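The values are calculated or read from the model by the stated rules, or taken from the named source; none is laboratory data. As the structure is a prediction and not an experimental result, all values here were calculated from the model. When we count neighbours, we look across all protein chains shown, and the Cβ atoms used for this are built from the backbone with ideal geometry, even at glycine.
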Amino acid sequence: MIFMLMICNFYAKAQQGVKVNGSVIDDNGKPLKRAIISLLHSGNRSLIKADLSDDNGQFEISSTASGSFLLSYSAIGFETYYSPVFELASGQSFTALVVNLKIASKQLQDVTVTSRKPLIQIKAGKTVFNVQNSINATGSSAFELLQKSPGITVDNNDNISVKGKLGVKVYIDGKMIQLTAEDLAAYLKSINSNDIEAIETITNPGAEYDASGSTGIINIRLRKNNNLGTNGSFTAVIIQGITPKANGALNVNYRNRKINIFSNAGLSFGRNETNIIAPRTQKDTTYDQRLQQVSYNKNYNLKAGVDFFINKKQTIGIMNTSNFSIDDYTSYGTTAIYYQPTNNYSKKLDATNEIPKRRTNINTNLNYRYADTSGREINFDADYGLFRGRAKSYQPNYYIDKDNILLAEIITRNSTPTNIDIYTGKLDIVLPKKKNKFGFGVKFSYVKTNNTLDFFNEISGTTTKVPERSYNFIYKENVNAAYATYHNQLNLKWTVRAGLRVEQTNSEGILVRGDGDIQTDNNVKRSYFSLFPSAVLTWTASEKNSFNLSYSRRIDRPNYQTLNPYEMKLDELTYVKGNSFLRPQYTDNVELSHTWKSKVNTSVSYSQVKDFATQTVDTLKNYTYALAKNLATQNISAFSISSPLTITKWWNGFVNLFANYLIFNGKVNENTVSLKAFTYGGFTQHSFALGKDYTAEISGYFNGPAPLSPTLIAKSVGALDIGFQKLLFQKKATIKITATDVFRTSVPFRAGTDFGGLVLNFWVTRESQTARVSFSYRFGSNKIKGARKRESGLETESKRIQAN
């Protein structure tokens, strides 16, 4: 640590910048304390640095930037003032004239000034959905909020895509949650909107981010209290769908100038129901499958941490985030079987599956941060994360003929414990020098997963283990990474940012079958080295127009347990199988974006994915199974446009539209696939200030038909939500009433395939139409003091966890 500080001090001595000082007074000529003075770029008035005037009304701002500037002066109860433009070169200083701020012409007594971010913010390469400002987010889980976010869609298998493109990675507070679709969905459903501050979608992350995620990343920022003193909030939500559900959260925070102690606790519970109709024809047989899935959930979330402010420059902190999930799942299925040429009824399969599941996610982070006023910064993170999954399945299958006579009885059981441990350490350094900014970093990660499947047959009440269908799969992975970034504002119009990340990966998967038989995929070792360049060129053409040209290369490694080759039965005729030979896929992204008047953002992009990996559906005898494979090369051309809409003083909105053209070229089960598809969609949100602390909101989305894989096409889907909000008790309390999917247009989710001798269509219906009532109350101190933001080191690894 001393060595790193010596490096920072060396650069500080070699660094020059600009200094701006001055003073501000009120109408009586007295010094104005606590006024905000902001140093701005003259072209687009973007913030460089800000300061508060002292007791004598004086201020001084230092910055490494140079060029053309102006100053903004503001204070509560006074009119904002902008200074004339002035030029400064590196090493120069400037003393501004004394500024006399005028009292605002209209003042209110006992006014409370609050800062409210827009619901949607569009930034270069990033879209921010400020959840706390959305009425229709009330009572939603993080998973449901993703479906409401601009450009994000979720299919029937809980796969998440951005602007029609799969491969996005989901982060929680800057750390990647590396789960399969099923378990990622289960985890996100356990986090409710009361604990979420914002959802960020970043399409072209820089080299400082892990290289995983071909489409980019979605970062879900959880709330962290920003006030001095003791304060917090309480929220309770009741949801009525097919059945009632509820969730609640309690946030308590204590902060002074030396320490910040924060804690969040959340609980959600309820019954959820999904109905599936999935008729399929393979060879000469039609299987008309009908399935009802019922899940009783209880989710507990705990987050606690402490930050110690050593001095103005150094902070050390520890944080623990825990999630405990109980999910008692039962499916009730019946499959009528017909001889397809004559459509004669043959028999039916009645099957149930009872799976009590227990999941535990615990992540602990130790962080050290050094930051000074010149922009130098050091961040060190050490993390340990664990995932524990426990599930047992009881699955009776009964074949019954047309006369309702039992033909066969097959009863199976299994136990699938999962243990995953993740260790990471990372160091990030930012060193500004004149107009340049350099970034460096290293990261180490080690992951070990231990997955077991014990399979049993039950005959005449006697349970017997089946060794040839029982497995133990151990997977180990080590990734070593380093990166360097460079940022330079060439002049007032041009800015360049570039980076290079290198990653070296070693992995090994070991499969041991219960009877000791050697399998072809019993040991798979890999070692590979990858380069991930990235660059962004920004041109501020005028005060109204700016352009960004960006490029990045990304990687998608398989989820840990997608590599697990054993089979997981859904019923006697349907199962899912892992693939030890699944390779990483690589994506090259190029994007050109234009921003007009800091509002309308338009982008065109092109992506090429090599070794494109997705789940395929295949048949074997009378079985149907899903298997992930590297299939093809995928090319995507995309267009999007988004903008906030200020319609009147009381009506504000936002709209986002996108369109993609996708091309797949490759092979599926030795059959050549060449697919071209046009996809499109949109999102809109409108908020209305109704007066007397009443507000209302309408939001909705629509996604056109889109391929889920080269052989599976989803039908169009959309939904509309409405909500109302009322502030109470001197604006310390809020009550919200929301209706989701008002016209019930998001269900059923429909998709189908006709490929390789399999014709499959399915309809999935979930509890999308709900009524929700939320009450929240804020208590404690309102003295605002910005809390530090930090990311832990488990950015990539924890997202690749899967539990059965």
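Just a few scattered comments:
- Region 741-757 residues that are part of a strand (DSSP E or B), paired with ones that are at pLDDT below 85 and surrounded by fewer than 17 Cβ atoms within 10 Å (Cβ to Cβ) (beta carbon under 8 Å, 6 or more apart): Phe755/Asn671
- Among the residues making up region 329-382, a single one is outside any strand (DSSP E or B), without any contact (Cβ under 8 Å) to a residue 60 or more places away in the chain and of a type outside the set (S, T, N, Q): Pro341.
- Restricting attention to region 693-709 and to residues that are hydroxyl-bearing (Ser, Thr, Tyr) and modelled with pLDDT of 85 or more, the residue that is surrounded by the fewest Cβ atoms within 10 Å (Cβ to Cβ) turns out to be Tyr694.
- From the options Gly270, Gly317, residue that is under 26 Å from Asp383 (Cβ atoms) and either in the same structural domain as Ala246 (by TED's automatic domain parsing) or more than 29 Å from the chain's Cα centre (by Cα) (or both): Gly317
- Candidate set from region 601-628 (those that are among the aliphatic types (A, V, I, L, M) and modelled with pLDDT of 85 or more); member that is surrounded by the fewest Cβ atoms within 10 Å (Cβ to Cβ): Val604
- Reported count of residues in region 484-525, each being within 30 Å of Phe547 (Cβ to Cβ), charged (D, E, K, R) and in a strand (DSSP E or B), is 2.
- Taken across region 617-635, residues that are under 22 Å from the mean Cα position of the chain (by Cα), assigned by TED's automatic domain parsing to the domain that holds Thr753 and part of a strand (DSSP E or B) do not occur at all.
- Any chance Asn297 is touching a helix residue (DSSP H, G or I) at 6+ places or on another chain (Cβ under 8 Å), in a strand (DSSP E or B) and within 30 Å of Ala751 (Cα to Cα): yes
- Total residues in region 526-563, condition surrounded by 15 or more Cβ atoms within 10 Å (Cβ to Cβ) and not in a strand (DSSP E or B): 7
- Residue under evaluation Lys283, criteria (1) modelled with pLDDT of 90 or more; (2) surrounded by fewer than 18 Cβ atoms within 10 Å (Cβ to Cβ), criterion not met: (1)
- Residue satisfying condition, being at pLDDT below 90, part of a strand (DSSP E or B) and in contact with a strand residue (DSSP E or B) (Cβ under 6 Å, 6 or more places away or on another chain), within set Phe473, Phe438, Phe456: Phe473
- Scope region 495-504; condition under 30 Å from Phe581 (Cβ atoms) and within 24 Å of the chain's Cα centre (by Cα); matching residues: Leu500, Arg501, Val502, Glu503
- Residues of region 730-762 satisfying the condition of being buried (at least 19 other Cβ atoms within 10 Å of the Cβ) and at positive phi: Asp741
- Residue in region 168-180 that is polar (S, T, N, Q), at negative phi and modelled with pLDDT under 75 present: yes
- The single condition among (1) loosely packed, with under 15 Cβ neighbours inside 10 Å; (2) within 22 Å of Glu591 (Cβ to Cβ) that Phe654 does not satisfy is (1).
- Criterion (out of contact with any Asp or Glu (no Cβ under 9 Å at 6 or more places or on another chain), surrounded by fewer than 17 Cβ atoms within 10 Å (Cβ to Cβ) and closer than 30 Å to Phe779 by Cα) met by exactly one of Leu690, Leu727: Leu690
- Every test in (1) modelled with pLDDT of 75 or more; (2) farther than 24 Å from Ile420 by Cβ; (3) over 11 Å from the mean Cα position of the chain (by Cα) is passed by Lys165 save one, and that test is (1).
- So Ile310, is it free of Cβ contacts under 8 Å to residues at least 12 places away in the same chain and under 30 Å from Arg255 (Cα atoms): yes
- Close contacts from region 266-279, counting a first residue that is crowded, with 18+ Cβ neighbours inside 10 Å and a second that is among the acidic types (Asp, Glu), with Cβ to Cβ under 7 Å and a gap of 6+ residues or different chains, come to Gly266/Asp195; Asn272/Glu767; Pro279/Asp288.
- Restricted to region 1-87, the set of strands (runs of 3 or more DSSP E) holding at least 3 residues that are at pLDDT 70 or above and aliphatic (A, V, I, L, M) comprises 18-25, 36-41, 47-52.
- Scanning region 710-724 for residues that are surrounded by 20 or more Cβ atoms within 10 Å (Cβ to Cβ) and assigned to a loop (DSSP other than H, G, I, E, B) gives Pro710, Thr711.
- Being within 28 Å of Val168 (Cβ to Cβ) and under 30 Å from the mean Cα position of the chain (by Cα) is a property that Asn545 lacks.
- Taking the listed residues Val512, Val479, the one that is under 24 Å from the mean Cα position of the chain (by Cα) and surrounded by 16 or more Cβ atoms within 10 Å (Cβ to Cβ) is Val479, with no other qualifying.
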